[in-house]
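Report on the structure given below.
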Amino acid sequence: MCRFIESIKLLDGVFYRLEFHHKRMNICSDLFYPEANPVDLQSALNDSHPPQTGLYKCRVVYDSKIRKIEYRPYLKREINSLRIVQVQIESLPYKKADRSDFDRAFAMRGNFDEVLLVKNGLLTDTSICNIALFDGVSWFTPSMPLIYGVNRANLIEEGKMIERNILLDDLKNFSHIRLFNAMIEFGDIELEIGNIHL
């Protein structure tokens, strides 16, 4: 059986969006380990002696139970350009530890910083981030991403973006794109649509 991961933002001793990480872990457990006891993420993190100063990515590896918790200092990668890449990666409500499909897609970026993944004519994500596009009034995020991210779920719940199918051909109707994930806040990475390339 494969293993799964949660990447949790830890800033100065505070974990971000734990409720959403816990929900996603429960979805995974219900699908793969319905007989197992629920994972107590908060207790496991408290027992893991998290760093109290600085920005860290907390990587939780689990299957029917938590197998490993590790902390790595986090530095955001500069992303100023995207290359469109067609993929057939399965859309999942959880994160597999095996990221080989995303790594292969990222390797196709050429001279650009990151890839914008398109599946069946629809925009999905980048190799590491969910996306949202701005039409001058509202922010829209693809309704069928490849990974249902915790930051995305939080932003939708707060009414800061709207889910809809976004065709590759629809790009011309938007002015900007934002990239975000559990570690990267909404607005930290924003590009003009002209920085997306075939």
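Throughout, read-outs are computed from the coordinates displayed, never taken from laboratory work. All values reported here derive from a predicted model rather than from experimental measurement. Heads up, the Cβs are rebuilt from the backbone with ideal geometry, glycines too, and the neighbour counts pull from every protein chain shown.
A few comments on the model shown:
- Qualifying residue in the stretch 106-114 (condition: in contact with a Phe, Trp or Tyr (Cβ under 7 Å, 6 or more places away or on another chain), assigned to a loop (DSSP other than H, G, I, E, B) and among the small types (Gly, Ala, Ser)): no
- For Asp113, the requirement of being of a type outside the set (A, V, I, L, M) and either out of contact with any Ser or Thr (no Cβ under 6 Å at 6 or more places or on another chain) or at positive phi (or both) is not met.
- Ile177 satisfies every condition listed in (1) assigned to a loop (DSSP other than H, G, I, E, B); (2) out of contact with any Ser or Thr (no Cβ under 6 Å at 6 or more places or on another chain) except (1).
- Verdict on Ile89 being outside any helix (DSSP H, G or I), under 30 Å from Gly194 (Cα atoms) and among the β-branched types (Val, Ile, Thr): yes
- Qualifying positions in the stretch 1-28 - among the basic types (Lys, Arg), surrounded by fewer than 17 Cβ atoms within 10 Å (Cβ to Cβ) and in a helix (DSSP H, G or I): Lys23
- Restricting attention to the stretch 59-83, the residues that are in a strand (DSSP E or B), within 21 Å of Phe186 (Cα to Cα) and in contact with a helix residue (DSSP H, G or I) (Cβ under 7 Å, 6 or more places away or on another chain) add up to 1.
- Residues that are surrounded by 14 or more Cβ atoms within 10 Å (Cβ to Cβ), within 19 Å of Ala182 (Cα to Cα) and in contact with a helix residue (DSSP H, G or I) (Cβ under 9 Å, 6 or more places away or on another chain) within the stretch 29-58 comprise Leu41, Leu45, Cys58, listed in sequence order.
- Taking each residue of the stretch 6-21 that is without any contact (Cβ under 8 Å) to a residue 60 or more places away in the chain and looking for partners that are buried (at least 18 other Cβ atoms within 10 Å of the Cβ) with beta-carbon atoms closer than 6 Å, six or more apart or interchain, yields Phe15/Ile8.
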